């Protein structure tokens, strides 16, 4: 597609429920990234994919967080047993290479109540 | 480890003032450097980039020069406008191929008419 697409754009969930966030990168972009931006904070790296593999998962905050990417395209970030501190905007980005820069989606705003 | 340190905000200027937002980095190897901008209610957008020492990135009147000797990538604009009000993020990326981006904490800029 023309840009990085994320869905849903907003999600309100009850504490303890599982959520799935989707990212559809730009066609042909082999690298895909997930970041988290909490209110008034900077961007926290979560995980990075090159193709379908994840060379760097160092940013996942706990084992409640997982992500997968299939077909070198769409990625899903899953948060199990959500907690209130998980409330944030989850951003996805894709890239051809580091020198091309990174294109971000509009994000999914997750609110855990 | 790699890191980015940028000027804390908020920064408030009058229209047509000169802008500098400082950014310094720590990295092994030869990173690419970026400035991203986040306008109110919008997603992150790449503003400019530089991929090697002494390169100057420029866009929309903004400039930043990759200074290896001072490990800096300061953002400048000669005459700011109200429409430049946004949060600005300095970032770096290392590696021979796509790798994770490390962001600074962001600087909120407000321009008074």
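The values are calculated or read from the model by the stated rules, or taken from the named source; none is laboratory data. This structure is a prediction, so every number in the text was calculated from the model and none was measured. Ideal geometry is used to build each Cβ from the backbone, glycine not excepted, and the neighbour counts take in all protein chains shown.
Worth a mention:
- Residue in the stretch A:78-85 that is surrounded by fewer than 18 Cβ atoms within 10 Å (Cβ to Cβ), within 25 Å of residue B:51 (Cβ to Cβ) and touching a strand residue (DSSP E or B) at 6+ places or on another chain (Cβ under 9 Å) present: no
- Hits in the stretch B:29-56 - residues which are more than 11 Å from chain A (Cβ to nearest Cβ), assigned to a strand (DSSP E or B) and at pLDDT below 95: none
- Applying the set (1) surrounded by fewer than 21 Cβ atoms within 10 Å (Cβ to Cβ); (2) closer than 20 Å to residue A:92 by Cα; (3) in contact with a strand residue (DSSP E or B) (Cβ under 6 Å, 6 or more places away or on another chain) to residue B:56 leaves exactly one unmet item: (2).
- Identity of the residue in the stretch A:99-113, farther than 16 Å from residue A:49 by Cα and facing chain B (nearest Cβ under 7 Å), that ends up nearest to the chain's Cα centre (by Cα): A:107
- In the stretch A:46-62, the residues that are out of contact with any strand residue (DSSP E or B) (no Cβ under 6 Å at 6 or more places or on another chain) and within 11 Å of chain B (Cβ to nearest Cβ): A:51, A:55, A:58
- Test for residue B:26: is it surrounded by fewer than 21 Cβ atoms within 10 Å (Cβ to Cβ) and either within 15 Å of residue B:99 (Cβ to Cβ) or at the interface with another protein chain (Cβ under 8 Å from one of its Cβ atoms) (or both): no
- Residue in the stretch A:17-39 that is on the phi > 0 side of the Ramachandran plot and within 14 Å of chain B (Cβ to nearest Cβ) present: yes
- Here A:77, A:43, A:96, A:21 are screened, and the one residue that is under 13 Å from the mean Cα position of the chain (by Cα) and at pLDDT below 95 is A:43.
- Among the residues making up the stretch B:1-33, those that are within 22 Å of residue A:102 (Cα to Cα) and touching a helix residue (DSSP H, G or I) at 6+ places or on another chain (Cβ under 9 Å) are B:31, B:32.
- For the stretch B:57-113, a residue qualifies if it is assigned to a strand (DSSP E or B) and more than 16 Å from the chain's Cα centre (by Cα), and the qualifying residues are B:111, B:112.
- Test: residue in the stretch A:65-79 that is within 22 Å of residue B:43 (Cβ to Cβ) and within 9 Å of chain B (Cβ to nearest Cβ): no
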